Structures are given as structure tokens and as C-alpha cells.
1. Are any of the residues in the range 107-114 surrounded by 17 or more Cβ atoms within 10 Å (Cβ to Cβ) and among the aliphatic types (A, V, I, L, M)?
2. Where the second residue is modelled with pLDDT of 90 or more and of a type in the set (D, E, K, R) and the first is in a helix (DSSP H, G or I) and lies in the range 6-34, which pairs have Cβ atoms under 8 Å and are six or more apart or on separate chains?
3. Name the single residue that is modelled with the lowest pLDDT among those in the range 27-52 being among the polar types (S, T, N, Q) and surrounded by 14 or more Cβ atoms within 10 Å (Cβ to Cβ).
4. Could you check how many residues of the range 61-80 are buried (at least 18 other Cβ atoms within 10 Å of the Cβ), under 16 Å from SER19 (Cα atoms) and without any contact (Cβ under 8 Å) to a residue 60 or more places away in the chain?
Amino acid sequence: AEQRLTTGSPAGGGGWLDSWLSLLLSKELPLPCVLRLWDAYFSAPPEGSLQELHTFVCLAVLETCQDELLELDGDEELPQYLQHLPAMDMGRVVTSALNMRDDCLARGLCGSGGTRGAL
């Protein structure tokens, strides 16, 4: 599944990532999850940009869904799943994303360029 996430065909395998990043998961998550996520974005700590935090949220979503992703068969199931995510505990996802970001910053692997709220 990890290889399919990065080497999927442009028609079905890579389009989900553009949508996740540009639409802030608004099409993929159930509405209550989107509202909780966006609430967290508006109240997020001021370090870094919204875009940076959202990148880590996307990674945290993948981590949260890892078991289900690994069980999917075929090149059709994976993009379908990624385009229609199940409900999940967004507080836990955001906490995981913030921890990932903090770890990345502490290790000097990423920078916190940009301003809060910049897209």
C-alpha cells in the first residue's frame, strides 16, 4: 500500500493528494470531521503556517487509517478509500499532527516558514 500511495497512476492514484492539500480534506471527510478539523485550524498554535500544519494533518490521517489502507486490494480500492475517508477522531488526528510537526522541527528536518493562515 505504501508503494501504491506514491507510485499510483496519475488518473487514480495521485489525484487524491491534490484534493487533500488544496481543499483541506473538505471533500474526503464527513462534514462533522471537517468542521472539527477546521475549528482546530482556526485555533491552532501560531507556530508555522496553516499549510504546514495541514501537511502534517494529512500524514496523521494516513497514519490513523494505516491498518485499513494495508488491507485494501487492487488499484481501485485505494483511491476510492482515500477520496471517501471514514469518520475519525479529529482531535486525535490534530494532536498527532502537532506532535509530528514538533518532532520534525526539533530534529531540524523541516522549517516553519510562512505565516499562520497562509495557503
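1. Scanning the range 107-114 turns up no residue that is surrounded by 17 or more Cβ atoms within 10 Å (Cβ to Cβ) and among the aliphatic types (A, V, I, L, M).
2. Close Cβ pairs satisfying both conditions: TRP16/GLU28; SER19/LYS27; SER19/GLU28; TRP20/GLU28.
3. Step one: filter the range 27-52 for residues among the polar types (S, T, N, Q), giving 43, 49, 51.
From the residues that got through so far, the ones that are surrounded by 14 or more Cβ atoms within 10 Å (Cβ to Cβ) too are 49, 51.
Numbers: SER49: 83, GLN51: 87.
Only one residue tops the list, namely SER49.
4. Total satisfying the criteria: 1.
The values are calculated or read from the model by the stated rules, or taken from the named source; none is laboratory data. Not measured: the values here are computed from a predicted model. Every residue, glycine among them, receives a Cβ derived from its backbone with ideal geometry; neighbour counts consider all protein chains shown.
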